[in-house]
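Below you'll find the structure, written out as structure tokens, and then a few comments.
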Amino acid sequence: MWYRADMKTIVQDGDPVLRALASEVTEDMFNTPELNHVVADMVEALDVELDGVAIAAPQIGVSLRIFVVRYDRLYPAPPSGPLPADIGVYINPVFVRASRRREEMDEGCLSVRGIYGKTYRNQRATVRARTVDGGTFERGGGGVLAQVFQHEIDHLDGVLFIDHAIDMYEIRRGARDGQEEKVAIEPNESDMEIESDDQAEVNSNKSHE
């Protein structure tokens with residue numbers, strides 16, 4: 001069986017599943033109880049992480065090319081309170097186009113808790129993906145949504161944001177006073193290389209930047 005039930009705990013950096021190339025969802029998996037269960041567990045795992053915007057299947061230990069987005073969390077909640085859940089499910093996602101222009105963005109990850117940094121992401125991106133019943137759709141976006149597309153497809157390719165982030169730091173809580181402390185992380189020199197715009201262009205037949 002390709003799916004183990006009740007995988008709702010978010011795995012952390014160091015688990016081999018986060019470094020594996022996730023497998024595509026095959027035609028016989030669409031519109032099955034097993035696939036619906038995977039997606040439901042992803043949605044549940046993300047729901048309780050109030051600072052989480054999206055999650056990829058490898059983050060719950062399932063090496064399949066699926067990610068889920070909470071559109072309602074892309075931006076700060078209005079004064080009236082959190083918006084109703086608005087969920088997007090992307091199965092076998094691939095980039096079909098992306099802007100050449102990139103921007104520096106703050107980034108973190110539910111699977112690298114407490115570590116933050118800055119990444120360079122394409123300002124806009126469009127993804128083609130499948131639905132749980134096998135349909136095909138495209139969705140494009142800029143800013144945070146484009147960043148989410150790139151971050152999550154990185155996950156499906158076994159890449160974590162810390163592999164290419166700069167200015168990384170860790171948030172630590174003091175043992176005595178409980179106050180949070182921001183501690184800079186010194187990167188390896190090899191981690192500081194940043195691709196040029198020409199190198200960073202997303203190819204339409206690739207599933208990563």
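Starting from the range 115-144, keep only residues that are among the acidic types (Asp, Glu), then list their pairs with residues that are surrounded by 15 or more Cβ atoms within 10 Å (Cβ to Cβ) and not in a strand (DSSP E or B) whose Cβ atoms are within a distance under 8 Å, requiring at least 6 positions of separation or different chains.
Between residues of the range 115-144 that are among the acidic types (Asp, Glu) and residues that are surrounded by 15 or more Cβ atoms within 10 Å (Cβ to Cβ) and not in a strand (DSSP E or B), the close pairs are Asp133/Phe30.
Of the residues Arg101, Arg130, Arg172, which single one is within 21 Å of Val69 (Cβ to Cβ) and of a type outside the set (A, V, I, L, M, F, W, C)? Working first, answer last.
Numbers: Arg101 fails: within 21 Å of Val69 (Cβ to Cβ); Arg172 fails: within 21 Å of Val69 (Cβ to Cβ).
Of Arg101, Arg130, Arg172, the one residue that is within 21 Å of Val69 (Cβ to Cβ) and of a type outside the set (A, V, I, L, M, F, W, C) is Arg130.
Across the range 175-186, what is the number of residues that are at pLDDT below 85 and under 29 Å from the mean Cα position of the chain (by Cα)?
As a first pass, look at the range 175-186 and keep what is at pLDDT below 85: 175-181, 186.
After this cut, where a residue has to be under 29 Å from the mean Cα position of the chain (by Cα) as well, the list is 179-181, 186.
Total satisfying the criteria: 4.
Of a type outside the set (A, V, I, L, M), touching a strand residue (DSSP E or B) at 6+ places or on another chain (Cβ under 8 Å) and without any contact (Cβ under 8 Å) to a residue 24 or more places away in the chain: which single residue out of Asp86, Asp72 fits that description? Can you show your working first?
Details: Asp72 fails: touching a strand residue (DSSP E or B) at 6+ places or on another chain (Cβ under 8 Å).
So the residue among Asp86, Asp72 that is of a type outside the set (A, V, I, L, M), touching a strand residue (DSSP E or B) at 6+ places or on another chain (Cβ under 8 Å) and without any contact (Cβ under 8 Å) to a residue 24 or more places away in the chain is Asp86.
Considering every residue within the range 198-209, establish whether at least one is more than 22 Å from the chain's Cα centre (by Cα), modelled with pLDDT under 95 and farther than 30 Å from Thr32 by Cβ.
Initially, the range 198-209 is screened for residues more than 22 Å from the chain's Cα centre (by Cα), giving 198.
Subset that is modelled with pLDDT under 95: 198.
Now narrow it down to the ones that are farther than 30 Å from Thr32 by Cβ: 198.
Yes: the range 198-209 contains one or more residues that are more than 22 Å from the chain's Cα centre (by Cα), modelled with pLDDT under 95 and farther than 30 Å from Thr32 by Cβ.
Within the range 63-99, how many residues turn out to be under 22 Å from Asp133 (Cβ atoms) and of a type in the set (Lys, Arg)?
So the count comes out to 2.
Identify all residues within the range 146-176 that are part of a strand (DSSP E or B) and within 17 Å of Asn122 (Cβ to Cβ); write none if there are none. Give the derivation first.
Initially, the range 146-176 is screened for residues part of a strand (DSSP E or B), giving 166-173.
Passing the criteria: only Ile166.
Output yes when any residue across the range 2-9 is touching a residue at least 12 places away in the same chain (Cβ under 8 Å), more than 22 Å from Arg113 (Cα to Cα) and of a type in the set (S, T, N, Q), and no when none is. Walk me through how you get there before you give the answer.
If we filter the range 2-9 for residues that are touching a residue at least 12 places away in the same chain (Cβ under 8 Å), which is where we start, we get 2-9.
From the residues that got through so far, the ones that are more than 22 Å from Arg113 (Cα to Cα) too are 2-5.
Remaining after also requiring of a type in the set (S, T, N, Q): none.
Looking for residues that are touching a residue at least 12 places away in the same chain (Cβ under 8 Å), more than 22 Å from Arg113 (Cα to Cα) and of a type in the set (S, T, N, Q), one finds none in the range 2-9, hence no.
Just to be sure I understand the filter: pairs with C-beta atoms under 8 Å, separated by 6 or more residues or on different chains, first member in the range 156-169 and buried (at least 17 other Cβ atoms within 10 Å of the Cβ), second member modelled with pLDDT under 95 and β-branched (Val, Ile, Thr). Which pairs pass?
Pairs that qualify, where the first residue is buried (at least 17 other Cβ atoms within 10 Å of the Cβ) and the partner is modelled with pLDDT under 95 and β-branched (Val, Ile, Thr), are His164/Ile194; Met168/Ile185.
Quick one: is Ala22 within 30 Å of Ile171 (Cα to Cα), in contact with a strand residue (DSSP E or B) (Cβ under 7 Å, 6 or more places away or on another chain) and in contact (Cβ under 8 Å) with a residue 12 or more places away in the chain?
Values: within 30 Å of Ile171 (Cα to Cα): yes; in contact with a strand residue (DSSP E or B) (Cβ under 7 Å, 6 or more places away or on another chain): yes; in contact (Cβ under 8 Å) with a residue 12 or more places away in the chain: yes.
Judged against the criteria, Ala22 is a match.
The values are calculated or read from the model by the stated rules, or taken from the named source; none is laboratory data. Please read all numbers here as calculations on a predicted model, not as lab measurements. Glycine also receives a Cβ, built like all others from the backbone with ideal geometry; neighbour counts cover every protein chain displayed.
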